Amino acid sequence: MPIAPSADVVVIELPDEHGAEANGVIDSCQMVLGDGHCRFPNQGGAAARWYAVLRWQDAERLRLRMELHRSGRDGPLLSTREMTFSEADSQEQRYRAAGLLIVSHVVAAGRAQADSNSSDAPEKEKDQQPAPTPAPAPAETTSWGVDVAALAGRALRPTELRWGGWVRGWFAVHSWHLRPVLSVGWATASGAADVTWLEGSLGTALVAELPAWPVSFELRLEGLAQRVELFASGETGTDRQLLTRFGARVGVDGFLNVNDHFALFVGGQISAVRPSYTLEVEGGPEGGERAPVWAAVGGLRVSR
């Protein structure tokens, strides 16, 4: 015997892709609720108390999602359900099963509302809302830049200074505290011999920022390759030597941020490079590089 609680009328919105077999959803729905209680949106009739929306979830039409609203397409969402079919099920069988699913949710929603209305102290009805879509995770922000610095440090003898500079490129992901760095540098010194240093380094920098101040600090650890050219002259003639050396460098820099794109910095660094060498002029030692060598740096950072 058909069941039609409270003279319910159910409007069923079909998926965009459907054929004549979709009429099976109306047949199975009216088999339970009775003739005239189930119709499509484009069919005239009594005002709808329930509005069901059907949507296929895959191209093979094996997963069907049902949403049940009160009164109309934009009415409160009462429930959702997803059905899974096998490839052996015909399209008409799938739509008939969907009609029975709609009826079961309509009957359950009608009974719940009747129980609420008959209560001596009814509570304010709370419509079931779909779970909110979680906010997407924030995208990683990145930046890159170039540091240009002047350098002053110990040369071959404690009383001599080398002068020069370097250019350093870096890349940063803002959620990381480490950033890769790549630099090339040049320095020169004059004294008992003329010396030129050409070097390249690759390493990483550990970043520490002070959120309340426009100040940050970086601790650098780099691998170093160095080319040294020495040129000396005396009464017995001239001599020119080329050396290739490898080692490591540790540095600390402090930055003062001028704005989002420019910063000033100063710092210091210590390099330990091998092999060591000693410069001798006319048979006597005139200095060399045997111990870690210090240098002070200062310059400008440009970032994007």
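Just one of the numbered conditions (1) over 20 Å from VAL32 (Cα atoms); (2) free of Cβ contacts under 8 Å to residues at least 12 places away in the same chain; (3) outside any loop (DSSP other than H, G, I, E, B) is not true of SER104: (1).
Annotation note: of GLN43, GLN57, GLN93, the sole residue that is out of contact with any Leu (no Cβ under 6 Å at 6 or more places or on another chain) and within 13 Å of VAL11 (Cα to Cα) is GLN43. Just checking, which of ARG220, ARG162 is touching a residue at least 60 places away in the same chain (Cβ under 8 Å), surrounded by 16 or more Cβ atoms within 10 Å (Cβ to Cβ), part of a strand (DSSP E or B) and of a type outside the set (Phe, Trp, Tyr)? From the options ARG220, ARG162, the qualifying one is ARG162.
Residue by residue, here is whether (1) in contact with an Asp or Glu (Cβ under 9 Å, 6 or more places away or on another chain); (2) modelled with pLDDT of 95 or more; (3) within 23 Å of GLY203 (Cβ to Cβ); (4) assigned to a strand (DSSP E or B) holds:
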site	(1), (2), (3), (4)
LEU242	yes, no, no, yes
ASP253	yes, yes, yes, yes
ASN259	no, no, no, no
PHE265	yes, yes, yes, yes
ALA272	no, no, yes, yes
GLU280	yes, no, no, yes
PRO285	no, no, no, yes
TRP294	no, no, yes, yes
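For LEU100, the stated conditions do not hold, so it cannot be described as under 43 Å from the mean Cα position of the chain (by Cα) and of a type in the set (A, V, I, L, M). Summed over segment 140-155, the residues that are more than 14 Å from ALA295 (Cβ to Cβ) and at pLDDT below 90 give a count of 4.
For ARG249, state whether it is in a strand (DSSP E or B) and over 27 Å from LEU264 (Cβ atoms).
Numbers: in a strand (DSSP E or B): yes; over 27 Å from LEU264 (Cβ atoms): no.
So ARG249 fails the test.
The values are calculated or read from the model by the stated rules, or taken from the named source; none is laboratory data. Please read these numbers as outputs of a predicted model, since none were measured by experiment. Every residue, glycine as well, gets a Cβ built from its backbone with ideal geometry; the counts of neighbours run over all protein chains shown.
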